[in-house]
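Just below is one structure, and these are the notes that go with it.
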Amino acid sequence: MARPKISLIGGGQIGGVLAQLCALRELGDVVLFDIVEGMPQGKMLDIAEVARVDGFDVDLKGTNSYADIAGSNVVIVTAGLPRKPGMSRDDLLGVNAKIMSQVSEGIKEYAPDAFVIIISNPLDAMVTLCQKVTGFPPERVMGQAGVLDSNRFCSFIAWELGVSVRDVNAMVLGGHGDTMVPIIRYANVNGVPVMEQLVRKYGDEAKANEVMTAMVERTKAAGGEVVKLLGNGSAFYSPASSAIAMAEAILRDQKRVLPTCALLQGEFGVDNYYVGVPCVLGAGGVESIIEFSLDEQEQALFDKSVAAVKGLIDELPTILPDLA
Ligand code: A3D
């Protein structure tokens, strides 16, 4: 039986890690596309030449031609500029919208049956644009942000409580920007509420709230924290691993419940906008959206985050006048 095929559009920092992870997990044959000549070919040769040590049997190809992505089951897009220290993700809209438009045309022409996972920023706007240009059904076009944002939140909780991060469950909803919404109420350690653990640890509700607020704020600013430390470029290991979890859920029909940037059609009171919500990912892509009641404060924060995404979407026709 033929192996699945995964194409990675953008062979930069995240693209290279994605390619290596696909190979290590034997998710399928991998094509790495970039406009820079030689670079994707070099990266794929480098990874392929250690297959014996790592023990994988998949074909790896670097390319500058969209024709090579034909027959892809999954396409993951990282093409576009990353931010520099001091920049917000939204500052990338103008330049990355033009790149995403070209990339989406390539996917539409050469991989018309693929599931597409976008990583390029500003995430929610780039996913919206890709869906519009490809015209693919919304369950086949989604964005990675929530898996990473939620993992960051879980990591901070685990470090604070001194427990394994594998036992922490906490989610971040909304747009992938400064207005993202970490959900405190359902954060738990194997079912035990995190807030209760913090109150027990500090013996004081006010201090527990202060510690939680600091973790929420750190989560919202976590991408920028890495950008500042790196000095050049943004996080790349963590977004790659997060997108691989999504791709694997689809390719192996795992029905994983992962925070995904998906098209809302009435869910959470939002009509026709892409934002991050818990979704079931399986062989059908975004198979369903898991809706639940937000309290008044959470809904207000979620609405604010959706409004920020809408603001970016409204700017797209100015950048791309041909966009219907
Ligand atoms: P980088 O290492 O610069 O790689 C981007 C690649 O895109 C480069 O190799 C470019 O040559 C390539 N590229 C540029 N234009 C095109 C084009 N028209 N067609 C194909 N390839 C092109 O960046 P990176 O890998 O660090 O980041 C990629 C994107 O992911 C950026 O927009 C980041 O902001 C974004 N990002 C998202 C997250 C999320 O969690 C959503 C996290 C971190 C970074």
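The values are calculated or read from the model by the stated rules, or taken from the named source; none is laboratory data. Just so we're clear, the structure is a prediction, and the values are computed from it rather than from any experiment. Neighbour counts run over all protein chains shown; Cβ positions are idealised from the backbone, glycine included.
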Inset, instruction - Check off (1) within 15 Å of the ligand (Cβ to nearest atom); (2) more than 27 Å from residue 319 (Cβ to Cβ) for residue 97 and give me the number that stays unchecked. - result: (2)
Inset, instruction - Give the stretch 63-86 a look and list any residue that's free of Cβ contacts under 8 Å to residues at least 60 places away in the same chain and under 27 Å from residue 177 (Cβ atoms), or say none. - result: 81, 86
Legend entry - Subset tally (residues that are of a type in the set (A, V, I, L, M), near the ligand (Cβ under 10 Å from one of its atoms), closer than 17 Å to residue 31 by Cβ and part of a helix (DSSP H, G or I)) for the stretch 100-135: 1
Inset, instruction - Considering only the stretch 47-62, state which residues are within 10 Å of residue 20 (Cβ to Cβ) and not hydrophobic (A, V, I, L, M, F, W, C). - result: 54
Inset, instruction - Report whether or not residue 211 is touching a residue at least 24 places away in the same chain (Cβ under 8 Å), surrounded by fewer than 22 Cβ atoms within 10 Å (Cβ to Cβ) and over 30 Å from residue 264 (Cα atoms). - result: yes
Legend entry - Matching residues in the stretch 306-324 - criterion: being under 16 Å from residue 126 (Cβ atoms) and of a type outside the set (Val, Ile, Thr): 308, 310, 311, 312, 314, 315, 316, 317, 320, 323
Inset, instruction - Find all pairs meeting these conditions: Cβ atoms under 8 angstrom apart; at least six residues apart or on different chains; first residue within the stretch 124-149 and closer than 25 Å to residue 219 by Cα; second residue among the charged types (D, E, K, R) and within 15 Å of the ligand (Cβ to nearest atom). - result: 143/124; 145/124
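Does residue 15 satisfy the criteria of being of a type outside the set (Lys, Arg), more than 10 Å from the ligand (Cβ to nearest atom), over 26 Å from residue 179 (Cβ atoms) and within 24 Å of the chain's Cα centre (by Cα)?
no
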Inset, instruction - Give just the number: which of (1) among the acidic types (Asp, Glu); (2) free of Cβ contacts under 8 Å to residues at least 40 places away in the same chain; (3) within 16 Å of the ligand (Cβ to nearest atom) does residue 54 not satisfy? - result: (3)
Inset, instruction - With the condition kept exactly as written, say whether any residue in the stretch 125-133 is over 19 Å from the mean Cα position of the chain (by Cα) and surrounded by fewer than 24 Cβ atoms within 10 Å (Cβ to Cβ). - result: yes
Legend entry - Flag if residue 260 is within 13 Å of the ligand (Cβ to nearest atom), more than 22 Å from residue 77 (Cα to Cα) and under 18 Å from the mean Cα position of the chain (by Cα): no
Inset, instruction - Report yes if some residue within the stretch 87-106 is closer than 17 Å to residue 247 by Cα, touching a residue at least 24 places away in the same chain (Cβ under 8 Å) and not polar (S, T, N, Q); otherwise report no. - result: no
Inset, instruction - Only one of these is under 21 Å from the mean Cα position of the chain (by Cα) and not polar (S, T, N, Q): 56, 33. Name it. - result: 33
Legend entry - Leading residue by the ranking (modelled with the highest pLDDT) among those in the stretch 225-236 that are within 16 Å of the chain's Cα centre (by Cα) and more than 20 Å from residue 158 (Cβ to Cβ): 236
Legend entry - Residue ID - surrounded by the fewest Cβ atoms within 10 Å (Cβ to Cβ), chosen from residues in the stretch 69-91 that are touching a Lys or Arg at 6+ places or on another chain (Cβ under 6 Å) and at pLDDT 95 or above: 71
Inset, instruction - Identify the residue in the stretch 79-94 that is of a type in the set (A, V, I, L, M, F, W, C) and either more than 8 Å from the ligand (Cβ to nearest atom) or not in a helix (DSSP H, G or I) (or both) and, among all such residues, is nearest to the chain's Cα centre (by Cα). - result: 79
Inset, instruction - Return a yes/no flag: does the stretch 7-15 have any residue that is in contact with a helix residue (DSSP H, G or I) (Cβ under 7 Å, 6 or more places away or on another chain) and surrounded by fewer than 23 Cβ atoms within 10 Å (Cβ to Cβ). - result: no
Legend entry - Unique match (being farther than 20 Å from residue 77 by Cβ and at pLDDT 95 or above) among 15, 42, 11: 42
